[in-house]
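Chemist: Here it is, the structure in full.
The values are calculated or read from the model by the stated rules, or taken from the named source; none is laboratory data. Computed from a predicted structure; not experimentally measured. Here the Cβ positions follow ideal geometry from the backbone for every residue, glycine too, while neighbour counts run over all protein chains shown.
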Amino acid sequence: MKRKKTSRGSRPSRRAAKFSEKKSTGHAASHAPAAPEEQRPRIGLEASVERVVPHNWTVQSLNPRYPSVLSTPHMIGLMEHATGVAVEPDLPPGTITVGTRVEVDHLKAVSDGATVRAWARLVKHEGRFLVFDVEARSGEHLIGRGRVFRAIVEPEHHGAKARSRVQQ
C-alpha cells in the first residue's frame, strides 16, 4: 500500500487527529467535559450480581438448533449490570451510567438453570468514561472476563438525544 507523503511541518488531517484520539483512549473525543475529580466515582468500587440462567437467555431460545447455553449478550448484560451497581452510590445526583464499549471474552458455556455471578470493579477514569474490570463465574468456572466502559450522563438529556435520532 502506498503512503501519502507529507512535509515534516504539515499538520495531521482532522480525520487523522480523530483517529489518534480514539486509539489513545478507545473513544472519540466527547463534547461533554470530564466530571471534576470530586464528582467521579472512587476507583476500587466493586459489586457483584447473581442470577439463575433462564431459558430465554440461551442461544437456543433464538434458534432451536443451538444448545441451551447462556448467550454472550446476556452474560455481558449481567457484567454491565454489576458495573452500574458498583458506582451508583457515588454518582453525582441526577446522573446514571450508560455502556459505551465492551471488551469481553466468553470463555466457557453454561446451561440454563446454572447460577452465574457477574463481578465488576472500577479501575480507572478516561475523561468522562469509567473503566471496569469484569468477570462472570458459574461455581468454580470462570466463564467470561474483560473490560466494560461506561459514561456518566443525565438521563433526560441522554434520552432526548436518542429520541431525536428516531426516523419516522
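Chemist: Which residue pairs have Cβ atoms under 8 Å apart, sit 6 or more places apart or on different chains, and have a first residue in the range 36-54 that is under 14 Å from Ala82 (Cα atoms) and a second that is modelled with pLDDT of 95 or more and among the basic types (Lys, Arg)?
Modeler: Gly44/Arg121; Leu45/Arg121; Glu46/Arg121; Ser48/Arg117; Val49/Arg117; Glu50/Arg117
Chemist: In the range 34-62, how many are in contact with a Phe, Trp or Tyr (Cβ under 9 Å, 6 or more places away or on another chain) and either assigned to a strand (DSSP E or B) or among the charged types (D, E, K, R) (or both)?
Modeler: Of the residues in that region, 6 qualify.
Chemist: Sort through Asp133, Asp90, Asp105, Asp112 and tell me the only one that's acidic (Asp, Glu) and within 15 Å of Arg51 (Cα to Cα).
Modeler: Details: Asp133 fails: within 15 Å of Arg51 (Cα to Cα); Asp90 fails: within 15 Å of Arg51 (Cα to Cα); Asp105 fails: within 15 Å of Arg51 (Cα to Cα).
It is Asp112.
Chemist: Just to check your reading of the model, which residue among Arg121, Arg65 is surrounded by fewer than 15 Cβ atoms within 10 Å (Cβ to Cβ) and of a type outside the set (S, T, N, Q)?
Modeler: After applying the criteria, what remains is Arg65.
Chemist: If Pro67 satisfies all but one of (1) within 28 Å of Pro155 (Cβ to Cβ); (2) touching a strand residue (DSSP E or B) at 6+ places or on another chain (Cβ under 8 Å), what's the number of the condition it fails?
Modeler: Evaluating Pro67 over (1) within 28 Å of Pro155 (Cβ to Cβ); (2) touching a strand residue (DSSP E or B) at 6+ places or on another chain (Cβ under 8 Å) leaves (1) as the failure.
Chemist: Using beta carbons and a limit of 6 Å, which pairs, at least six apart or on different chains, have the first residue in the range 109-128 and under 17 Å from Glu80 (Cα atoms) and the second one of a type in the set (Asp, Glu)?
Modeler: That search, which allows pairs on different chains as well, returns Arg117/Glu50; Trp119/Glu135; Arg121/Glu46; Arg121/Asp133; Val123/Asp133.
Chemist: Of (1) among the β-branched types (Val, Ile, Thr); (2) modelled with pLDDT of 95 or more; (3) over 24 Å from Glu126 (Cβ atoms), Thr6 satisfies all except one. Which?
Modeler: (2)
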